[in-house]
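Report on one structure; see the data block that follows.
Computed from the coordinates by the stated procedures, all read-outs in this text should not be read as laboratory data. Please read all numbers here as calculations on a predicted model, not as lab measurements. For neighbour counting, all protein chains shown are included, and Cβ atoms are generated from backbone atoms with ideal geometry for every residue, glycine included.
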Amino acid sequence: MDSTASQTGDLRRVVQANEVIKKVIRISSGVNLVALNAMLIAKRSGERSRGFAVVSSELRVFSRKLEGAMTGLGALIFELVRDAAAMRKQLHERHHLFNIPAREQQMREIMEPVLARMDERMHKTRGQIGRDWHKLRLQLNRVLQLCETGGSLARSAKIEAVYGGDMSATLKQVANQIEETVNEIFSTLKLLRTQLAE
Amino acid sequence: MKKLEFIYEDGHHKWAVVARDLEKPGFLIDTNEYLVVNGSEALLADPGGMEIFSAVFSAISAEVDPCTIRHLFASHQDPDVISSLALWLDFNPDLKCYLSWLWGSFIPHFGGTAETFVSIPDEGMDISLGGLTLEAVPAHYLHSSGNFNLYDRKAKILFSGDVGAALLPSGEDGLFVENFDRHIRHAQGFHRRWMGSNAAKLNWCERVSRLDIDMLCPQHGAIYRGEDVKRFIDWFAALDVGSAIKE
Ligand SMILES: [Fe+2]
Ligand SMILES: [Fe+2]
């Protein structure tokens, strides 16, 4: 992210990303419920849906991992807000320092080291913000990979549902629910990735 | 880390507090920031100091889209109340800040232009938040000479700024006052020193005791609920303020 927006710490951009992340967190709490429901149904239908039971317990593991990964994203957003706010503050301070007229040699000598220190601080903050965005994108890729696992679990659930005997229709319904939820998360996060790449 | 907690919810009408921060360095006074939400519009009361901006901003963003904040309310001119103004305006240059007319030319030292401020006259005014009416209630000289509380008649909540403030020791971290007698000891020194006028205090107590209040929310310390609201007003009425300096 080398655009000037991120370098100056554009809070609006961070907020946009955060709103998407919040949406995904809301959807992922749904995965947990769907998985739980799937496990209960599998239990009720007994032997016939053992495979389905296995898949749905895997799905619960997935939803817990997803939750953890999303918490990680939230923490990164927090760091970004902190550093973006620091950047804005430093920009203000620099602006005020810069407004001091330094026509005389003596004044220049006083101001130069002050401005140099300021610039060094801003350089550091700018670097930090760059690293924050980088970490955010890495974590996002990790979450997307995790979602691929979720997608293949949903497919397995669909296959297992076929062997569910008279429970087959119900299991299929649950499997579809799983697929829908995972897909929704996936497409939302992909959209976020495109937004962040811009 | 600061966290946003909802203290009132009725459909789309909500009050939340970003309560004091247990991890904050001790040299900064701890503050509560209050967010009033009505549908897609929100007002932030006493947005806080510049140093805690990112903590407040993050805490709010975790629960509410900060783009919905259209109004700031500054009870008075103190840095712990409103020195974050420039950073809020960076985020949203169209923000309006409600403030006593008395501080109209002082607060711009923290940021903002002539368009930013809405002057509150001494007698107070109504503030509309997406159809909900909030009232700026005069609380002059308590402690600032141009000072307002914010009353929500529907939610029965009074944001009281520095009135009711307590400087609580670590360990007393609850959001609400649980034991009034124990709590008020931490408010006494503050009110005797910071509040300067007994006449202004009695005038405030008389007016505020006529309001229907479920929660009295100060900028520092814990929130008074139910019976404790009346207890506080009675306690304050009886307290000799402006008396903390020995002759
Ligand atoms: Fe104050
Ligand atoms: Fe204060």
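Can you list the HN-Hα couplings for the range A:19-30, worked out from phi with the Karplus curve (6.51, -1.76, 1.60; θ = phi - 60°), rounded to whole Hz and with x for Gly and Pro?
4, 5, 4, 4, 4, 5, 4, 4, 5, 5, 5, x
Compute, for chain A, the length of the dipole vector about the Cα centre, with Cβ point charges of +1 (Lys, Arg) and -1 (Asp, Glu) only. Units Debye, rounded to 20.
In debye, rounded to 20, chain A gives about 300.
In the range B:48-187, with Lys and Arg counted as +1 and Asp and Glu as -1 at Cβ, which of these residues, B:ILE184, B:MET125, B:THR68, has the Cα nearest the positive end of the dipole, that is, farthest along it?
The Cα lying farthest towards the positive end belongs to B:MET125.
How much FRET efficiency would the formula 1/(1 + (r/R0)^6) give for B:GLU227 and B:ASP126, where r is the Cβ-Cβ distance and R0 is 41 Å, rounded to 0.05?
0.90
If N is the number of residues in the range B:1-84, what value comes out of its Cα radius of gyration divided by 2.2 N^0.38 Å?
Cα Rg divided by the expected 2.2 N^0.38 Å: 1.03.
Using the charge dipole of chain A (Lys, Arg: +1 at Cβ; Asp, Glu: -1 at Cβ; taken about the Cα centre), state which of A:PRO113, A:GLY165, A:MET87 has its Cα farthest towards the positive end.
A:GLY165
Helix A:168-197 versus the longest principal axis of chain A: what is the Cα-based angle in degrees, 0 to 90, to the nearest 10?
With both axes taken from Cα atoms, the answer is about 10 degrees.
Expressed as a whole number of Å, what is the distance separating the alpha-carbon centroids of the range B:1-20 and the range A:52-84?
Cα centres, the range A:52-84 to the range B:1-20: 25 Å.
Testing the spin-label approximation: label points 7 Å from Cα along Cα→Cβ at A:GLN106 and B:SER105. State their distance in nm.
Using points 7 Å along Cα→Cβ, the separation is 3.2 nm.
Under the Karplus relation 6.51 cos²θ - 1.76 cosθ + 1.60, θ = phi - 60°, what is the ordered set of whole-Hz ³J(HN,Hα) values for the range B:73-84, x standing for Gly and Pro?
10, 10, 4, 7, 9, 5, x, 6, 8, 9, 6, 7
Given A:LYS23/A:LYS43; A:LYS135/A:LYS158; B:LYS154/B:LYS230; A:LYS89/B:LYS154, which pairs have Cα atoms separated by over 29 Å?
Details: A:LYS23/A:LYS43 31 Å; A:LYS135/A:LYS158 35 Å; B:LYS154/B:LYS230 18 Å; A:LYS89/B:LYS154 38 Å.
Those over the limit are A:LYS23/A:LYS43; A:LYS135/A:LYS158; A:LYS89/B:LYS154.
Along the Cα→Cβ direction, 7 angstrom out, place labels at A:ARG64 and A:GLU47. What is the inter-label distance in nm?
Using points 7 Å along Cα→Cβ, the separation is 3.0 nm.
Between B:GLU206, B:GLU23, B:GLU41, which gets the highest mean-square fluctuation from a Gaussian network model of chain B, Cα cutoff 10 Å?
B:GLU23
Less than 9 Å Cβ to Cβ from B:LEU132, Lys/Arg counted +1 and Asp/Glu -1: what total charge do the surrounding residues give?
Once all neighbours under 9 Å are counted, the net charge is -1.
Can you work out the FRET efficiency for the pair A:GLU93 and B:ASN179, with r the C-beta to C-beta distance and R0 = 41 Å, to the nearest 0.05?
Using R0 = 41 Å, I get an efficiency of 0.40.
With the Cα gyration tensor of the protein assembly as shown giving a ≥ b ≥ c as the square roots of its eigenvalues, does the rule (a/c under 1.5 for rounded; else a/b larger than b/c for prolate; else oblate) give rounded, prolate or oblate? Each step should come with its number before you reach the end.
Details: a/c = 2.65, a/b = 1.50, b/c = 1.77.
Since a/c reaches 1.5 but b/c is at least a/b, the shape of the protein assembly as shown is classed as oblate.
Have a look at A:MET87, A:MET39, A:MET111 and tell me which one the Gaussian network model of chain A (Cα, springs below 10 Å) gives the largest fluctuation.
Sorting by GNM fluctuation, first place goes to A:MET111.
Using a Gaussian network model on chain A with a 10 Å cutoff between Cα atoms, which of A:ALA38, A:ALA85, A:ALA169 fluctuates the most?
Of A:ALA38, A:ALA85, A:ALA169, the Gaussian network model singles out A:ALA169 as fluctuating most.
Determine the relative contact order of the range B:3-238: mean sequence separation of Cα pairs under 8 Å and six or more apart, normalised by residue count, in whole percent.
Relative contact order here is 15 percent.
Does the range A:27-153 come out rounded, prolate or oblate, given a ≥ b ≥ c as the square roots of the eigenvalues of its C-alpha gyration tensor, rounded meaning a/c under 1.5 and, failing that, prolate meaning a/b above b/c?
prolate
Fewest Cβ neighbours within 10 Å first, please rank B:TRP194, B:TRP101 accordingly. Working shown, then result.
Values: B:TRP194 16, B:TRP101 13.
Lowest to highest Cβ neighbour count: B:TRP101, B:TRP194.
Return the distance in nm (one decimal) between the two label points of a simple spin-label model at B:LEU211 and A:GLU180, each offset 7 Å from Cα along Cα→Cβ.
The two pseudo-label positions are separated by 4.7 nm.
As a test of the formula, what do you get for chain A when each DSSP H run with n ≥ 4 contributes -39,500 (n - 2.57) and the sum is divided by the residue count, at 222 nm and rounded to the nearest 500 deg cm²/dmol?
-32500 deg cm²/dmol
Taking 0.36 nm per residue of sequence separation and subtracting the Cα-Cα distance, how much length would be gained by fully extending the chain between A:ARG12 and A:GLU148, in nm to one decimal?
Working it through step by step, the gained length comes to 46.0 nm.
Going by alpha carbons, how many degrees (0 to 90, nearest 10) lie between the helix axis of A:105-162 and the longest principal axis of chain A?
Tilt of helix A:105-162: around 10 degrees.
Got a sec? How would A:HIS123, B:HIS13, B:HIS76 order by Cβ neighbour count within 10 Å, fewest to most?
Least to most surrounded, the residues fall as A:HIS123, B:HIS13, B:HIS76.
At R0 = 41 Å, how high is the FRET efficiency between A:ARG137 and A:ALA116 if r is their beta carbon distance? Nearest 0.05 is fine.
Taking R0 as 41 Å, the efficiency between A:ARG137 and A:ALA116 is 0.80.
Please give the calculated 222 nm ellipticity per residue for chain B, where each DSSP H segment of at least 4 residues contributes -39500 (n - 2.57) and the sum is spread over every residue; nearest 500 deg cm²/dmol?
Using -39500 (n - 2.57) per qualifying helix, the result is -7000 deg cm²/dmol.
Can you bin chain B into rounded, prolate or oblate? Criterion: square roots of the alpha carbon gyration tensor eigenvalues sorted a ≥ b ≥ c, rounded for a/c under 1.5, prolate for a/b above b/c, oblate for the rest.
The shape class here is rounded.
With a cut-off of 8 Å between alpha carbons and a minimum separation of six or more residues, what is the relative contact order of the range A:2-197 in percent?
35
So how do B:ILE245, B:ILE184 line up by other beta-carbon neighbours within 10 Å, fewest first?
B:ILE245, B:ILE184
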